[in-house]
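First the structure, in the form of structure tokens, and then the observations on it.
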Amino acid sequence: MNQETEKKIREVFPAYTPMTELPEGLELETAREMYRKMALIREFDLSAKDLWRAGKIRGLCHAYYFAEAIAVGACSALREGDYTTSTHRGHGHALARGADPGRMMAELFGKAEGCNKGKGGSMHIADVDSGMLGATGIVGSGIAPATGAALSAKLQKNGRVSLCFFGDGGSNQGLFYESMNMAAAWKLPVIFLCECNDWAIGTDIRRVTGDPVIAHRALGFGLPGIRIDGFNVFAVYAAVAEAARRARAGEGPTLIEAKYMRMLGHHVGDDQFYRTKEELERISVLYEADPLLRLREFLLNAGLPPQTLDEIDREEKARVAEAVRYASEDCHEPSPEELYTDIFSDIIVE
Ligand SMILES: Cc1ncc(C[n+]2csc(CCOP(=O)(O)OP(=O)(O)O)c2C)c(N)n1
């Protein structure tokens with residue numbers, strides 16, 4: 001990226017940081033696989049958007065477009081067995097933890113073979129086997145279960161860490177403060193990761209938030225709070241790796257605010273007429289900071305041949321196409337008898 005473009009990006013997005021080197025402890029092969037995960041999420045959500053707009057899937061559907069570096073950077077710094085909770089915008093979180101795209105797409109189609117037997121839809125994907133305890137349409141409500149999972153890890157001394165994703169809108173929910181307070185007092189191994197895009201549907205953060213720097217809120221609880229570039233997958237990885245190290249060492253929680261920008265509407269059917277033409281024009285420079293393209297550029301500069309990355313793009317596109325085919329052709333509508341089963345949660349966090 002040339003200096004002129006970088007300057008323009010910083011004017012709109014001051015959190016921008018260049019991707020100059022691999023973070024400590026991260027191999028180039030792992031970074032390449034992070035690219036694969038980001039490409040998968042991008043393709044999955046662009047397909048879901050088209051399918052929703054074509055009337056093939058029902059219920060609200062929120063794209064993780066342009067936030068891919070946050071889920072992938074964060075989940076790559078976690079270990080198998082660690083816990084995550086998610087939001088209404090959770091496809092990226094589930095895929096980054098390793099959930100199966102076919103079963104996820106079946107869930108979006110409301111099919112019995114879906115991760116939640118077709119009863120949850122886009123906003124309620126859970127994949128407990130991969131550590132994804134659940135997404136939720138109730139804004140901010142993943143924060144308390146993640147704190148509870150961290151308490152269970154602490155009591156059982158199993159070395160696990162719990163990470164909750166939530167938005168800047170979610171950060172204005174009371175249970176965020178209750179959870180942070182309890183986690184700080186009891187030094188629970190939990191990471192609070194705010195995906196801050198400055199918008200909650202059509203409400204600008206500055207209208208409803210006294211101090212729009214979410215990271216500052218950690219101060220009141222005696223915790224470290226950091227703000228990072230959410231378009232930079234390495235910055236996210238490094239911040240979560242350090243927070244996880246702290247958590248496993250018994251030093252307690254961390255609040256991370258990953259800044260990014262929501263380039264599409266709130267959900268895939270939202271044409272966001274509440275954003276002015278001037279704002280949309282102003283942020284259009286951020287297409288130059290596309291998190292997927294930034295990682296691609298880094299990998300090319302590190303010596304990976306373009307063919308390798310093109311091949312990954314093709315493979316992940318094919319995976320998503322197969323997921324759509326599976327969901328629409330091979331899967332079944334749930335039977336009416338299923339209506340009254342699985343109504344209450346029986347997930348036991350071991
Ligand atoms: C408790 C609650 N209040 C309001 C809503 C309606 N609602 C759905 S998404 C949303 C905005 C959430 O914004 P944010 O947490 O910043 O996440 P983003 O959509 O930006 O990823 C709101 C207000 C809801 N689902 N739950």
Original post:
Taking the condition among the hydroxyl-bearing types (Ser, Thr, Tyr), away from the ligand (no atom under 15 Å from the Cβ), touching a helix residue (DSSP H, G or I) at 6+ places or on another chain (Cβ under 7 Å) and closer than 23 Å to Ile41 by Cβ, does Ser162 pass?
Top reply: yes
**OP:** Considering (1) in contact with a helix residue (DSSP H, G or I) (Cβ under 9 Å, 6 or more places away or on another chain); (2) over 21 Å from Phe298 (Cβ atoms), say which one Lys49 fails and leave the rest.
**Re:** (1)
Original post:
Out of (1) out of contact with any Asp or Glu (no Cβ under 6 Å at 6 or more places or on another chain); (2) open to solvent by 40 Å² or more (accessible area, probe 1.4 Å), the odd one out for Ser130 is which?
Top reply: (2)
Original post:
Quick one: is Ala153 in contact (Cβ under 8 Å) with a residue 12 or more places away in the chain, more than 10 Å from the ligand (Cβ to nearest atom), under 25 Å from Tyr64 (Cα atoms) and open to solvent by less than 30 Å² (accessible area, probe 1.4 Å)?
Top reply: no
Original post:
Taking into account only those residues within the range 181-202 that are among the charged types (D, E, K, R) and farther than 16 Å from Gly148 by Cβ, which is nearest to the ligand (Cβ to nearest atom)?
Top reply: Glu195
**OP:** Assess whether Arg282 counts as being touching a residue at least 60 places away in the same chain (Cβ under 8 Å), away from the ligand (no atom under 16 Å from the Cβ) and surrounded by fewer than 24 Cβ atoms within 10 Å (Cβ to Cβ).
**Re:** yes
Original post:
Of the residues Gly137, Gly142, Gly121, Gly90, which is open to solvent by 20 Å² or more (accessible area, probe 1.4 Å), within 16 Å of the ligand (Cβ to nearest atom), in contact (Cβ under 8 Å) with a residue 40 or more places away in the chain and not basic (Lys, Arg)?
Top reply: Gly137
**OP:** For the range 328-350, enumerate the residues that are of a type in the set (Asp, Glu), open to solvent by 100 Å² or more (accessible area, probe 1.4 Å) and either modelled with pLDDT under 85 or not in a loop (DSSP other than H, G, I, E, B) (or both).
**Re:** Glu329, Glu337, Asp346, Glu350
Original post:
Are any residues in the range 50-81 away from the ligand (no atom under 13 Å from the Cβ), of a type outside the set (Val, Ile, Thr) and closer than 28 Å to Ala15 by Cα, and if so, which ones?
Top reply: Glu68, Ala69, Gly73, Ala74, Cys75, Ser76, Ala77, Leu78, Arg79
Original post:
Can you tell me which of Ala48, Ala99 is under 24 Å from Glu315 (Cβ atoms), touching a Leu at 6+ places or on another chain (Cβ under 8 Å) and either in a loop (DSSP other than H, G, I, E, B) or open to solvent by less than 10 Å² (accessible area, probe 1.4 Å) (or both)?
Top reply: Ala48
Original post:
open to solvent by less than 40 Å² (accessible area, probe 1.4 Å), in a strand (DSSP E or B) and within 10 Å of the ligand (Cβ to nearest atom) - does that describe any residue in the range 167-180?
Top reply: yes
Original post:
Does the range 105-113 contain any residue that is under 20 Å from Val72 (Cα atoms), at pLDDT 95 or above and away from the ligand (no atom under 16 Å from the Cβ)?
Top reply: yes
Subject >> Breaking point among (1) away from the ligand (no atom under 16 Å from the Cβ); (2) loosely packed, with under 14 Cβ neighbours inside 10 Å, for Arg206 >> reply: (1)
Original post:
Can you tell me how many residues in the range 51-81 are of a type in the set (Asp, Glu) and crowded, with 23+ Cβ neighbours inside 10 Å?
Top reply: 1
Original post:
What is the number of the single condition among (1) within 15 Å of the chain's Cα centre (by Cα); (2) open to solvent by 10 Å² or more (accessible area, probe 1.4 Å); (3) away from the ligand (no atom under 16 Å from the Cβ) that Asn116 does not meet?
Top reply: (1)
Original post:
Looking at Phe273, is it of a type outside the set (S, T, N, Q), more than 16 Å from the ligand (Cβ to nearest atom) and in a loop (DSSP other than H, G, I, E, B)?
Top reply: yes
Original post:
Can you name the residue in the range 20-42 that is of a type outside the set (A, V, I, L, M, F, W, C) and part of a helix (DSSP H, G or I) and is also most open to solvent (accessible area, probe 1.4 Å) among such residues?
Top reply: Glu29
Original post:
Could we say that Ala235 is free of Cβ contacts under 8 Å to residues at least 12 places away in the same chain and small (Gly, Ala, Ser) here?
Top reply: no
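The values are calculated or read from the model by the stated rules, or taken from the named source; none is laboratory data. All values reported here derive from a predicted model rather than from experimental measurement. FYI the Cβ positions are ideal-geometry reconstructions off the backbone, even for glycines, and counts take in every protein chain you see. The area values use the complete protein model at the heavy-atom level, side chains included, leaving out ligands, DNA and RNA. Shrake-Rupley method; radii C 1.70, N 1.55, O 1.52, S 1.80 Å.
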